[in-house]
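Below is one structure; the comments refer to it alone.
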Amino acid sequence: MEKCIFDQIVEGKIPSKKVWESDSVLAFWDISPVAPIHVLIIPKKHLQDLNSVTQNDKEILGDLMLAVPEVAKKLGVKDSGYRIIINNGEHAGQLVPHIHIHLLAGKNLGPKII
Ligand code: AMP
């Protein structure tokens, strides 16, 4: 079975504009931004969605969340603020079957989530 697009980005088979990475997490610019700053933060390990994670994934999920302020700092928006979104499943519009956090920033995004 062909690997998902984000696995291929992790492996370097598909190019990405990398922002930050650690042993377990990669952050790169979204190809189709919806805000001045739109970065995706993903676990390097393939995890399809939040429904499929188990207790065994605690560490990687912790790494993923802890990466968020690191990425925000790298982007220069840690203090000005940012919104993070995880689309989980069909009705949320999850297109890529690999957990990813959207980090949106670069302007006042207002109080509305959708
Ligand atoms: P979602 O709808 O939450 O699954 O979001 C998937 C996101 O991945 C979308 O915002 C896409 O623009 C983005 N995306 C898809 N392919 C690529 C790619 N090759 N490089 C960067 N971002 C991508």
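What follows draws every value from the coordinates through simple rules; no lab data is involved. Owing to the predicted nature of the structure, the values given are computational and were not obtained by experimental measurement. Here the Cβ positions follow ideal geometry from the backbone for every residue, glycine too, while neighbour counts run over all protein chains shown.
A dipole drawn for the chain from +1 and -1 charges on Cβ atoms has a positive end, and of Gln48, Val34, Gly12 the residue lying farthest that way is Val34.
Multiplying the sequence separation of Glu11 and Glu59 by 0.36 nm and subtracting their Cα-Cα distance, what value in nm do you get?
Working: separation 48, 0.36 × 48 = 17.28 nm, distance 2.10 nm.
Roughly 15.2 nm would be gained on extension.
A dipole drawn for segment 5-105 from +1 and -1 charges on Cβ atoms has a positive end, and of Ser24, Leu75, Ile86 the residue lying farthest that way is Leu75. Is segment 5-105 rounded, prolate or oblate when judged by the Cα gyration tensor, a ≥ b ≥ c being the square roots of its eigenvalues, rounded requiring a/c under 1.5 and prolate requiring a/b larger than b/c? Rounded, since a/c falls under 1.5. Roughly what would the spin-label model give for Ser32 and Ser52, points 7 Å off Cα along C-beta, in nm? Output for this residue pair reads 2.1 nm.
In nm, what is the difference between 0.36 nm times the number of residues separating Leu109 and Lys78 and their Cα-Cα distance?
Contour length minus Cα-Cα distance gives 9.7 nm.
In plain terms, the chain from Glu2 to His91 could stretch by 29.6 nm, reckoned as 0.36 nm per residue minus the Cα-Cα distance.
The Cβ shell under 14 Å around Ala72 holds other residues with a net charge of +2, Lys and Arg each +1, Asp and Glu each -1.
Rounded to the nearest 20 debye, what is the charge dipole size of segment 1-90 about its Cα centre when +1 sits on each Lys and Arg Cβ and -1 on each Asp and Glu Cβ?
Working: 11 positive and 13 negative charges, 64 e Å.
Roughly 300 debye for segment 1-90.
For the chain, the longest principal axis of the Cα atoms and the long axis of helix 58-75 meet at an angle of about 30 degrees.
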